[in-house]
Amino acid sequence: IGIAAGRVTTTLCSRALRDVVAHLGPGLDAAVAAEERAAPGTIVTHRTDIDADQLTSAARHERDPALGRRTVPPLLASRLDEGLQPRDEHRPVTVVFVSLPAIDDRDPAALNAFAEVVSMAGRLLDELGGELVHCVGGDKGLVLFATFGAPVAHADDPARALHFVERLRSGTGVALRAGVSTGLTFVGLISGTRRAFLGLLGDTVNQGARLMHAATPGE
């Protein structure tokens, strides 16, 4: 386990069917670096002096009851509304990991450009039948994790995933690095007392992440 204190910026990337909440900043990198130094069964903490005057002030929004629903995959939301619990199961899934160049989270223009890329990714996923699982990053890069085959499956999910990556690369002009992997994956609803989200576990997910890290910019 890695624990750190530091600046983290949260931004909302809007799209037609679902909004994406993205977190980025040096506070996340410090926590990741602490986790990487931790031996199995240990906790490493990273001390960071925080100057409150240098923190980016958070944007203020009116309370919107629909906001929470718009951050949940539509199919998952409809099933929960009907009282149906998504099944925990192993199923063929294609995962996509995309690494974007790092940005300065204190630069409004850079944040807006980043949000536009994520929104474009969301629009492509809506069109191609994929789902954005999460988006997170810091000064080491920004990572999108998408899936084809959960919660909705198609016979050509691997081809859809490749179309998504190619269209995102050509449409943004960003030197992204991507990894795509297909295989049997455990898919289930991970939940606590206040929040539930779609979880994917298995070698397919690990392989997709490793392929992304092995890729060169634009590959």
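Quick look at the numbers
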{"item": "Yes/no for L211 being surrounded by fewer than 19 Cβ atoms within 10 Å (Cβ to Cβ) and either out of contact with any Asp or Glu (no Cβ under 9 Å at 6 or more places or on another chain) or farther than 27 Å from T11 by Cα (or both)", "result": "yes"}
{"item": "Answer from G137, G199, G183, G188 - the residue that is part of a strand (DSSP E or B), at pLDDT below 95, farther than 27 Å from P26 by Cα and not acidic (D, E)", "result": "G188"}
{"item": "Within the range 124-134, tally of residues that are at pLDDT below 90 and surrounded by fewer than 17 Cβ atoms within 10 Å (Cβ to Cβ)", "result": "2"}
{"item": "Members of the range 91-113 that are part of a helix (DSSP H, G or I) and either open to solvent by 30 Å² or more (accessible area, probe 1.4 Å) or modelled with pLDDT of 90 or more (or both)", "result": "P108, A109, N112, A113"}
{"item": "Any chance P40 is open to solvent by 80 Å² or more (accessible area, probe 1.4 Å), modelled with pLDDT of 85 or more, touching a Leu at 6+ places or on another chain (Cβ under 8 Å) and not in a helix (DSSP H, G or I)", "result": "no"}
{"item": "Top-ranked residue of the range 145-171 - restricted to ones that are touching a His at 6+ places or on another chain (Cβ under 8 Å) and closer than 18 Å to Q207 by Cα, ranked as modelled with the highest pLDDT", "result": "F148"}
{"item": "Single condition R169 does not satisfy, out of (1) surrounded by fewer than 14 Cβ atoms within 10 Å (Cβ to Cβ); (2) over 16 Å from the mean Cα position of the chain (by Cα)", "result": "(1)"}
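The values are calculated or read from the model by the stated rules, or taken from the named source; none is laboratory data. As the structure is a prediction and not an experimental result, all values here were calculated from the model. As a convention, Cβ positions derive from the backbone with ideal geometry for all residues, glycine included, and neighbour counts pool all protein chains shown. In case anyone asks, the SASA skips ligands and DNA or RNA and just uses the protein heavy atoms, side chains included. Shrake-Rupley method; radii C 1.70, N 1.55, O 1.52, S 1.80 Å.
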